[in-house]
Amino acid sequence: MSEAVEPIILVDANDPDKKPLLYACGKCGSVHSPEIYLARKEVRHATALEAARDCYNCKTHSNCRHCGVECGKGWTACDKCRLEREIERATEVPNDGGPYFGFGDQQMYHEMDDARDAGHEWVCPTNKQYPRIEAWRVFENLTEDMFEDASEDDLNGTAELTAAIEAFNEAQTTCTYWADLTRKIKVPPCDGEAA
């Protein structure tokens, strides 16, 4: 690990008091201004100095604030801790029969046994979304390349097209499942295993 380099304090050469104006990383030269912080003057300067000392551009990684393990630059928590927090924040709900998504891998499971076999203790239920066409978007797209104030009112057959679009929307039976990460379902143990 390279040795820390003290920040460079930049001052106005014509200022007899040599009051600090900016702070630069002593390694890469990235400049940090106290003027970007909304705080008292002393706090702004202290924050800019610390930003120059702990330069983001020179960092190779961060450390998880929960467990201390090394994680990606810019992250404050590692994958494991983020997953634990996500599961912790979710509200437990009864099993709705699936399908389910695994926390952390976003894999969909149709059976709870498959989620258990994949090593999940918790899964999240899903929200269904059916394909839909929105008539107003169609009309907006059609009138976009017309004259400046063109609107749906300048088109003929809009009521018939709207009715056909609604019939199309109602006829859809194939859905897409989206993970609802705000809710969680406990994966039960295999028969014979302790809970």
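The values are calculated or read from the model by the stated rules, or taken from the named source; none is laboratory data. Being a predicted model, the structure only gives us computed values, none of them experimental. Here the Cβ positions follow ideal geometry from the backbone for every residue, glycine too, while neighbour counts run over all protein chains shown. Side chains are part of the model used for accessible areas, which takes the heavy atoms of the whole protein and leaves out ligands, DNA and RNA. Shrake-Rupley method; radii C 1.70, N 1.55, O 1.52, S 1.80 Å.
Straight-line reach from Lys80: which aspartates and glutamates have Cα under 17 Å away, leaving out those fewer than 8 places along the same chain?
Glu70, Glu88, Asp105, Glu121
I need the semi-axes of the equivalent ellipsoid of the stretch 8-59: take the C-alpha gyration tensor, multiply each eigenvalue by 5, square-root it, list largest first in whole angstrom.
Semi-axes (√(5λ), whole Å): 19, 15, 7.
Give the lysines whose C-alpha is closer than 16 Å to that of Lys59, dropping any in the same chain fewer than 8 places away, or say none.
Lys27, Lys73
How much of the accessible area of the chain, in percent, comes from carbon and sulfur atoms when a 1.4 Å probe is used?
Exposed carbon and sulfur together represent 51 percent of the surface.
Work out Dmax and Rg for the chain from the C-alpha atoms and quote the Rg first, both in angstrom.
28.4, 81
Putting +1 on Lys and Arg Cβ atoms and -1 on Asp and Glu Cβ atoms, find which of Pro16, Val43, Cys28 reaches farthest to the positive end of the dipole of the stretch 8-59.
So the residue we want is Cys28.
Send over a whole-number figure in Å² for the accessible area per residue of the stretch 59-195, probe 1.4 Å.
In whole numbers, the stretch 59-195 has 69 Å² accessible per residue.
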